[in-house]
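Notes follow the structure.
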Amino acid sequence: MSQTVLVINSGSSSVKYQLIDPESGHAIAKGLAERIGEPEGHIQHRYSQKAVDLNEPLPDHGVALTEILRLFDEVGPALADADIVAVGHRIVQGGRYFDGPALIDDRVRNLIDELSTLAPLHNPAHLKGIDVARRLLPNVPHVAVFDTAFFQSLPPEAATYALDREIAEKYSVRRYGAHGTSHQYVSKRVSTILGARDLKQIVLHLGNGASASAIVGDKAIDTSMGLTPLEGLVMGTRTGDIDPAVVFHLERVAGMSVDEVDTLFNKKSGLKGLTGDNDMRGVREMAKSGDPEARKRARVALNIYVNRILKYIGSFTAEMGGVDVITFTAGIGENDIDLRREVCEQLVPFGVVLDEEANNQRVSEPITISKRGSSVRVMVVPTNEELAIAKQALTLV
Ligand code: AMP
């Protein structure tokens with residue numbers, strides 16, 4: 001077996017993992033431990049043609065990772081023979097401290113801990129994964145790869161809110177962005193495929209979470225997510241951009257607490273709030289259903305979704321003084337043919353010409369979906385955050 005990287009993505013009650021060959025990009029084994037801390041835990045481990053399910057309580061991340069390592073030994077591949085050169089940990093918030101991957105030592109660990117106030121749901125969960133993984137795999141370097149790192153290059157005009165300067169400074173309130181690993185990976189692939197280094201790119205990462213970024217050359221100059229991943233595009237359960245005065249209004253007229261509004265904006269809004277379904281496939285079904293009310297609700301939600309994307313394409317194009325390539329990625333961007341068509345139809349007045357036949361394909365490789373002669377090239381590039389994390393981790397070992 002050639003050299004491999006174990007990529008770990010710890011959430012509050014889950015651990016996703018992949019053993020990757022960073023050269024070929026092949027995921028040799030992968031799995032998910034979920035419902036950690038609940039009475040019924042579950043792990044699925046996949047290797048070769050095998051998928052093994054384990055149903056047992058996983059009281060904490062330590063037990064979950066111990067079980068995962070046991071599954072590697074029992075089901076394969078044996079980690080001792082896997083030539084693991086690094087463990088890459090996905091970290092949501094790197095604040096101002098990290099503009100690239102970092103070898104995890106006690107200092108880096110403490111900084112990730114310090115940043116928990118900016119990512120209270122994520123950073124503490126990542127730390128649990130890091131602590132256990134460092135204990136169980138002590139002889140391999142552990143590398144933190146930050147979702148925010150790619151956006152540390154944002155110029156002040158994109159990174160700064162028009163807020164009282166002292167308060168913003170004192171409480172680290174600024175725009176950090178998120179999904180940076182995906183935006184960097186996808187934009188790099190576009191540059192490589194087109195053999196051009198000075199492109200003006202817009203990347204639309206449309207998954208359950210969704211974000212847009214503006215990239216000039218290899219640097220991000222703006223992005224739609226802000227202090228947290230709530231700002232920007234409409235998402236599965238998140239509002240995206242919303243007047244902050246809605247918070248004050250709901251507090252005053254509905255007596256809602258800050259925590260209640262936080263839950264409302266992050267978990268009960270977006271596609272879910274508008275239609276009852278957070279999954280784009282469900283919303284598409286609803287838009288075709290026999291129930292005229294449901295059809296209308298779904299159609300309005302889809303129009304809001306597209307509109308928000310158009311706002312970002314427009315503003316990013318103006319900020320960059322033009323755009324060469326617009327790229328769709330992640331679950332919706334890679335699979336929702338109708339959404340790509342709906343966005344591109346609105347860009348016809350700007351010279352964008354969609355190649356319907358190319359757009360109708362579902363492929364796992366990058367493709368161009370605009371016609372020759374289109375003023376802007378439009379592409380679909382599958383993202384692969386785990387591979388991007390593995391490659392970044394390798395740069396430090
Ligand atoms: P991700 O977070 O990248 O896994 O993306 C999840 C989103 O992709 C969900 O909203 C899914 O409904 C959506 N998705 C996956 N496949 C399709 C498809 N064929 N058509 C429309 N949306 C899809």
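Which condition breaks for GLY321 when tested against (1) over 30 Å from ARG197 (Cβ atoms); (2) open to solvent by less than 70 Å² (accessible area, probe 1.4 Å)?
(1)
Only one residue in ILE112, ILE68, ILE130 is in contact (Cβ under 8 Å) with a residue 24 or more places away in the chain, in a helix (DSSP H, G or I) and within 19 Å of the chain's Cα centre (by Cα), so which one is that?
ILE112
I'd like to check something: does the range 242-261 contain any residue that is of a type outside the set (Val, Ile, Thr) and within 16 Å of the ligand (Cβ to nearest atom)?
No: zero hits.
When you scan the range 345-363, how many residues do you find that are within 16 Å of the ligand (Cβ to nearest atom) and crowded, with 17+ Cβ neighbours inside 10 Å?
Final tally of qualifying residues: 1.
Would you confirm whether any residue within the range 325-334 is closer than 23 Å to SER187 by Cβ and away from the ligand (no atom under 16 Å from the Cβ)?
Scanning the range 325-334 turns up at least one residue that is closer than 23 Å to SER187 by Cβ and away from the ligand (no atom under 16 Å from the Cβ).
So, in the range 77-95, how many residues would count as being open to solvent by 10 Å² or more (accessible area, probe 1.4 Å) and more than 19 Å from the chain's Cα centre (by Cα)?
7
How many residues, within the range 364-378, are touching a helix residue (DSSP H, G or I) at 6+ places or on another chain (Cβ under 7 Å), β-branched (Val, Ile, Thr) and away from the ligand (no atom under 16 Å from the Cβ)?
Count: 2.
Just give me the residues in the range 203-229 being open to solvent by 10 Å² or more (accessible area, probe 1.4 Å) and away from the ligand (no atom under 16 Å from the Cβ), in sequence order.
Listed by number, the residues that qualify are VAL216, GLY217, ASP218, LYS219, ILE221, ASP222, LEU227, THR228.
So the check is Cβ under 9 Å with 6+ separation or different chains; which pairs have a first residue in the range 366-392 that's open to solvent by less than 30 Å² (accessible area, probe 1.4 Å) and a second one that's acidic (Asp, Glu) and within 16 Å of the ligand (Cβ to nearest atom)?
Pairs found: VAL380/GLU334; VAL381/GLU334; PRO382/GLU334.
As an exercise: evaluate GLY100 against (1) modelled with pLDDT of 95 or more; (2) in contact with a helix residue (DSSP H, G or I) (Cβ under 6 Å, 6 or more places away or on another chain); (3) crowded, with 21+ Cβ neighbours inside 10 Å and give the number of the one condition it does not meet.
Of everything listed in (1) modelled with pLDDT of 95 or more; (2) in contact with a helix residue (DSSP H, G or I) (Cβ under 6 Å, 6 or more places away or on another chain); (3) crowded, with 21+ Cβ neighbours inside 10 Å, GLY100 misses just condition (3).
Being open to solvent by 40 Å² or more (accessible area, probe 1.4 Å), among the basic types (Lys, Arg), touching a residue at least 24 places away in the same chain (Cβ under 8 Å) and within 16 Å of the ligand (Cβ to nearest atom): is that true of LYS272 here?
Yes: the conditions hold for LYS272.
Any idea which of (1) under 26 Å from PRO124 (Cβ atoms); (2) acidic (Asp, Glu); (3) touching a strand residue (DSSP E or B) at 6+ places or on another chain (Cβ under 8 Å) is the one ASP83 doesn't satisfy?
Failed condition: (1).
The values are calculated or read from the model by the stated rules, or taken from the named source; none is laboratory data. These numbers were taken from a predicted model, which means no experiment stands behind them. Cβ sites come from the backbone with ideal geometry, for glycine too, and all protein chains shown count toward neighbours. Surface areas here come from the heavy atoms of the whole protein model, side chains and all, with no ligands, DNA or RNA. Shrake-Rupley method; radii C 1.70, N 1.55, O 1.52, S 1.80 Å.
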